[in-house]
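*Asks:* Take this structure first; my questions come after.
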Amino acid sequence: MPGYSQKAQPYLDAIADGVFTSQGVRDWLISGTPIEANFVGSSVLIDEQRAVRWRTKATKQPFWANYWCGRDTKCTCRIKDSKAIESDAIFFFRNSKNRILAVHVEFKHPNETFGFGQPEAYPLRAACFVKTYHGRSTMNAHHDWATVIFCGPETLADTRLKNFQRTITHNQAAKMLTNYPTLA
């Protein structure tokens, strides 16, 4: 039985492929977020992100995946008493004014529930990373952030979705991303 990352990776790979190759996908990803107007038409920092993330060595997962806030209780980017959690993916965009955006992406399989404090931690972690990237050797410099979740339609009833600035269902993703796997 493949581990969670292996099961989620084909979906995250499709998202990354769209982000890295299509301006339309980048604009769609941030559509409706508070930063949309400032970052429509932005370029993606694929080479810069790879260089920073793999500064010392290549990670087990792709360079844009699994950004941890910290594995100890000193981490301030999470909810008290929650497990150490991470952003499933982060993509960095640069706009025409040379500002950089970090788009934090969460992926949930259909009927997969949130862990304790998980949705609440996403905006906290994103806001924290904007202030602390300089102390994180694998984090690109950035000025702004957005939070996006990919999930099944049953998750739409969860009031904790308000912690994400953009919600994309798997059906919406499959219509926009040509490589998005079919969910069984």
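*Asks:* Work out from phi, with θ = phi - 60° and the Karplus expression 6.51 cos²θ - 1.76 cosθ + 1.60, the ³J(HN,Hα) of each residue of segment 125-135, listed in order in whole Hz, and give x for Gly and Pro.
*Replies:* In residue order, the calculated couplings are 5, 4, 5, 5, 4, 4, 8, 10, 4, 4, x Hz.
*Asks:* Let me ask something else. Putting +1 on Lys and Arg Cβ atoms and -1 on Asp and Glu Cβ atoms, find which of Leu12, His143, Gly115 reaches farthest to the positive end of the dipole of the chain.
*Replies:* Final value for the positive-end residue is His143.
*Asks:* Count charges around Ala16 for me, please; just the other residues with Cβ under 13 Å from its Cβ, Lys/Arg as +1, Asp/Glu as -1.
*Replies:* 0
*Asks:* Whole-Hz ³J(HN,Hα) for each residue in segment 168-182, computed from phi via Karplus 6.51 cos²θ - 1.76 cosθ + 1.60 with θ = phi - 60°, x for glycine and proline: what do you get?
*Replies:* 10, 7, 4, 5, 5, 4, 5, 6, 9, 10, 4, 9, 5, x, 6
*Asks:* Out of the total accessible area of the chain (probe 1.4 Å, heavy atoms of protein only), what percent is carbon and sulfur?
*Replies:* For the chain, the apolar C and S fraction of the accessible surface comes to 53 percent.
*Asks:* Placing +1 at every Lys and Arg Cβ and -1 at every Asp and Glu Cβ, with all other atoms neutral, what dipole size does the chain have around its Cα centre, in debye to the nearest 20? Display every interim value, and only then the final one.
*Replies:* Details: 23 positive and 16 negative charges, 122 e Å.
So the dipole magnitude of the chain works out to roughly 580 debye.
*Asks:* Helix-only estimate, please: 222 nm mean residue ellipticity of the chain, summing -39500 (n - 2.57) across DSSP H runs of length 4 or more and dividing by its residues, to the nearest 500.
*Replies:* -9500 deg cm²/dmol
*Asks:* Still on this structure, please answer the following. Between Thr169 and residues 5 or more places away or on another chain, which pairs have amide H atoms under 5 Å apart, with H built 1.01 Å from N, and which residues are they?
*Replies:* Cys151
*Asks:* Does a label point 7 Å from the Cα of Glu154, set along Cα-to-beta-carbon, have any residues of segment 102-125 with amide nitrogen under 20 Å, and which are they?
*Replies:* Under cut-off, by backbone N: 106-119.
*Asks:* Placing one identical point scatterer on every Cα of segment 12-69 and ignoring solvent, what is log10 I(q)/I(0) from the Debye formula at q = 0.14, 0.20, 0.22, 0.24 Å⁻¹?
*Replies:* -0.45, -0.84, -0.95, -1.04
*Asks:* While we're on this one: Assuming 1.567 mPa s and 4 °C, estimate D for the chain with Stokes-Einstein, Rh taken as the Kirkwood radius over Cα pairs, in µm²/s.
*Replies:* 78 µm²/s
The values are calculated or read from the model by the stated rules, or taken from the named source; none is laboratory data. It should be emphasised that the depicted structure is a prediction, and the values quoted were computed from it without experimental measurement. All Cβ positions, glycine included, derive from the backbone under ideal geometry; neighbour counts span all protein chains shown. These area figures cover heavy atoms from the full protein model, side chains too; ligands, DNA and RNA do not enter into them. Shrake-Rupley method; radii C 1.70, N 1.55, O 1.52, S 1.80 Å.
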